[in-house]
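Before any comments, here is the structure.
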Amino acid sequence: MSLQEDLTAAADEELGRALTLGWRELAKVTPWGDTFEGFTPEGRDVCFERAYLWEAEAGGDIRVEVAVYEPQAYERGVRRVRSVSRNGSKE
């Protein structure tokens, strides 16, 4: 598996975890973000960034952002973004 494929797989997994909470749970912690170290599916050392931000205004849709990158190469990382709407759908 190439580096980009590995980072993409890790980002997709992390986004899936980030979206396990519904709007009500996320609204309690939005805005929020964190960076932590972990491993890709292939075992590479990487940094994970996860953020929950208001899409436009507080109390509205929530933007979920995930980035996965090698510590020395942020700009070559993979970023995934989804929205959780106030009505509960995930886009």
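Report the full-extension gain for the segment N87 to M1: residue separation times 0.36 nm, less the Cα-Cα distance, to one decimal in nm. Display every interim value, and only then the final one.
Values: separation 86, 0.36 × 86 = 30.96 nm, distance 3.81 nm.
Stretched out fully, the N87 to M1 stretch lengthens by 27.2 nm.
Compared with the dominant Cα axis of the chain, that is its longest principal axis, helix 3-18 is turned about 30°. Evaluated at q = 0.16, 0.19 Å⁻¹, the base-10 log of the normalised Debye intensity for segment 39-83, with identical point scatterers placed on the Cα atoms, takes the values -0.50, -0.63.
Stretched out straight at 0.36 nm per residue, the stretch from L19 to L53 would grow longer than its current Cα-Cα span by 10.9 nm.
Would you mind calculating the gained length between Y74 and A9 on full extension (0.36 nm times residue separation, minus the Cα-Cα distance), in nm to one decimal? Don't jump to the answer; show the numbers that get you there.
Details: separation 65, 0.36 × 65 = 23.40 nm, distance 1.64 nm.
Additional length available on full extension: 21.8 nm.
Dividing the Cα radius of gyration of the chain by 2.2 N^0.38 Å, with N the residue count, gives 1.11. Of all the options D12, D61, D34, the one that moves most in a Gaussian network model of the chain with Cα springs shorter than 10 angstrom is D34. Under a Gaussian network description of the chain, with springs only between Cα atoms under 10 Å, the residue in E57, E49, E70 that fluctuates furthest is E57.
No value in this document is a laboratory result; all are computed from the given coordinates. Values in this document were obtained by computation on a predicted structure and should not be read as measured data.
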